[in-house]
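Let me begin by presenting the structure, written as structure tokens, before commenting on it.
Coordinate-derived values only; no laboratory data. Bear in mind that the values here come from a model prediction, so they are computed numbers and not experimental data. Please note: Cβ atoms are built from the backbone with ideal geometry, for glycine as well, and neighbour counts cover all protein chains shown.
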Amino acid sequence: MISFLLRRIAYAVPVLLGVAFITLLLFDVASGDPVSIKLGKSPDPVEVEALRIELGLDKPLLGRYIDFLRQIVTLDFGTSWADDTPVREIFKRGVLPTLSLSLPAFLLGGLVSVSVSLLVAFYRGTALDKSITAMAIAGISVSSLIYILVGQWLLADQWKLFPIWGYEYGPSAVYFLALPIFIWVLLSVGTDVRYYRTVALEEIGKDYVRTARSKGLEERHILFTHVLKNCSVPIITRMTIAVPFLITGSFLLEIFFGIPGLGSTLLTAITNSDLPVVKAFTILGAVLYVLFNILADVFYALLDPRIRLG
Amino acid sequence: MTEDAPTTQAPRTPAREAWRRFKRNRSAVICLAIFVAYFLVALTGQIIEIAQAGDNTYAMTLNELGLDFEEGANPPSSDHWMAFFGTTSAGKSVLLRVFHGTKVAFVVGTFGAGLAVVIGMTLGLMAGFLGRWVDEVVQYLYSTIASIPYLLLMLALAFIIRQGPISAWYQERFFADYISLGLFNIVLVIGLTSWVTLCRLVRAEVKKVRELEYIQAARALGFGDARIMFKHVLPNVFHLVIINFSLTFVTAIKSEVILTFLGVGVDREPSWGQMIADAKSELMQGIWWPLAAAGIALFVLTLAVNYVGDALRDALDPRLTE
């Protein structure tokens, strides 16, 4: 196990180095001159020189790369260009509102999708299966923006069931989060049901299910104990890989509902050309993605005894 | 063998076989027809526009076009075809904007997905066929790209292309007059970010095909790598390319909507994303028809292409031949 982990991590290191390099290239080279982005079109040359040295732009690319790697390791990404707050503070501020939306939505969505797809797999080939599958295809064909706009307009503006906009820290956040969570679940269920249904149907076609049936076991028992156990490997893998996206949050939901999380922070940073924040975001997103992929592999190996970690 | 009997019929080429299987799926054929209809709208939209009042008719209000309508928003009406979907809060024809948006969607879908497919296919072929260090490099490249969260990568890239020297370069090219900078940005962003899935699939499939006897035969005949790759291996993995193109086409159009909505996409011309972005404030004033029009246009096209994509998978997969 340990040697497997070490090998997996060793493989991730060059990938992360590559991501860091791409990020650096994207933001410091391809974007033109960061100094002119910060200081505007016709800046004072003395100021420009000072800023170049402050940002380390006078160094060669390799030097800047090493600086950036140091930033990543120490998690110190400097300060925002917009208001000089340390980037770390910005993250600390945004992470709680983001998680308060994404975590419940993710768990609820997972629960709904798995149960619906098991139900659909149980009634496979019937009208129920066909109509739910058709609904799932139709559901994923609607733009996520439409769900948000119509949900906000209809449920919050017209029927006044939920507040339209805003956020409060503490337990009263539930009041503001209910509608965005509902929309998130709606958005994720279509894709997930389609995926989990395929997974479940694949399992149902396997030999052990036929054996269980010929032993005279009840179909329901087969589905919920035998099939579900075998399906749990792809389900958990898929859910683990999705975790980093909970932290980057939902840009759209956060913007629309005024939740001061990381997603809306990033968007503000992009519109303000706030390079340090966008850069930190990109690289942290990638690091989390790589880490959780390793974790998914570990779960996969732990759950499925057929997989050897040789 | 009874196979030889119908000699008068056209020979059974793989493409014809696939089409025969595809045709059996009624709803997929209907969806294909819908797709073609959209394509025609995308082609003729601009012609209609120019015939009405010259270029950029979508930017004029119905009054400016010489029609008798109230200033500002008009609900959908059957008085004139241009008012079929009503007018926006600025008094412009929603239908014309949907038409123009269709053109934008097709440019984004075709060129964005096209670029992604070409990159993914070529890299996948090279990695799978040439193996060794090429394979290592390509694998490294796609694991790195895949590690950056998709929306983040798209946003970052869109942001950079806008800031940087690429847009300055683009503006001096002759095609800048036909495809606006915002549109070009989107195409580039989608092309450069969406090739990973296809590359993985092609690489894995080519690795299997490479070991088959006919490839060894081609090698024995002394054919070069490039010739074997593109003439002998590629046709055997091309179904992956076609299926993936249809999927990426949809993703591209949906990405345009989101990027434009977030302010880093198409600007200075109407697109579905632009219409949905405008609808945000209009909706609160009870003006629901621009959103409905753009939303339905997007929905029907997405649904049709999703369906065609599923049917293509069934029709093209060589393992499913009966």
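Annotations for the structure displayed:
- Multiplying the residue separation of B:K208 and B:I242 by 0.36 nm and removing their Cα-Cα distance gives an extension gain of 10.3 nm.
- The calculated pair-distance distribution of the protein assembly as shown uses every alpha carbon pair, bins of 10 angstrom beginning at 0, and gives 3, 13, 22, 27, 21, 11, 4, 1, 0 percent.
- Low-density loop positions, trypsin sites (Lys or Arg not before Pro), segment A:255-310 - DSSP coil, at most 16 other Cβ in 10 Å: A:R306, A:R308
- Rotationally averaged projected area of segment A:1-134 (alpha carbon convex hull; nm²): 14.7 nm²
- Cα-centred dipole magnitude for segment A:114-203, charges only on beta-carbon of K, R (+1) and D, E (-1), debye, nearest 20: 200 debye
- Ranked B:S147, A:S115, B:S78, criterion: other C-beta atoms within 10 Å, fewest first: B:S78, A:S115, B:S147
- R0 of 51 Å, Cβ-Cβ distance B:I296-A:V48: FRET efficiency to nearest 0.05: 0.50
- Global size of chain B as Cα Rg and Dmax, reported in angstrom: 23.3, 77
- Think of segment A:39-195 as having a plus end and a minus end, set by charges on the Cβ of Lys, Arg, Asp and Glu; of A:L75, A:I148, A:V193, A:V193 sits farthest toward the positive end of this dipole.
- Taking a Cβ cut-off of under 14 Å around A:I140, the surrounding Lys, Arg, Asp and Glu residues balance to a net charge of +1, with basic ones at +1 and acidic ones at -1.
- Longest site-free stretch - chain B; sites: chymotrypsin sites (Phe, Trp or Tyr not before Pro), DSSP loop, at most 15 other Cβ within 10 Å: B:1-177
- A simple spin-label model places pseudo-atoms 7 Å from Cα toward Cβ; at A:I9 and B:S78 they are separated by 7.2 nm.
- Loop sites in segment A:154-217: GluC sites (Glu not before Pro), DSSP, at most 13 other Cβ within 10 Å: A:E168
- In this Cβ point-charge picture (+1 for Lys and Arg, -1 for Asp and Glu), segment B:177-236 has a dipole of about 260 debye about its Cα centre.
- For the pair A:F299 and A:L119, a Förster radius of 35 Å applied to the C-beta separation gives a FRET efficiency near 0.90, rounded to the nearest 0.05.
- Over chain A, dividing the summed -39,500 (n - 2.57) contributions of all DSSP H runs of at least 4 residues by the number of residues returns a 222 nm mean residue ellipticity of -23500 deg cm²/dmol.
- A Cβ-based charge dipole, computed about the Cα centre of segment A:54-119 with Lys and Arg at +1 and Asp and Glu at -1, lands at about 260 debye.
- Kyte-Doolittle mean at least 0.0 and Cα axial length at least 30 Å: DSSP H helices in chain B: B:26-53, B:234-261, B:289-316
- 0 to 90° range, to nearest 10: angle between helix A:262-271 axis and chain A longest Cα axis: 40 degrees
- Listed by chain and number, the lysines placed with their C-alpha closer than 26 angstrom to that of B:K208 are A:K206, B:K231; residues fewer than eight positions away on the same chain are left out.
- Under 19 Å from A:K59, Cα to Cα: lysines that are on another chain or at least 8 residues apart: A:K38, A:K279
- Once the Cα atoms are used to define both axes, helix A:2-24 deviates from the longest principal axis of chain A by about 50 degrees.
- Comparing A:H221, A:P180, A:A242 along the charge dipole axis of segment A:178-310, the residue lying farthest to the positive side is A:H221, per the Cβ-charge model.
- Placing a pseudo-label 7 Å from each Cα along the Cα-to-Cβ vector at B:V118 and B:D267 gives an inter-label distance of 2.7 nm.
- Within segment A:1-108, the trypsin sites (Lys or Arg not before Pro) that combine a DSSP coil assignment with at most 10 other C-beta atoms in a 10 angstrom radius are A:K41.
- Options B:A217, B:L183, B:I30, ranked by Cα towards positive dipole end of chain B, top entry (Cβ charges): B:A217
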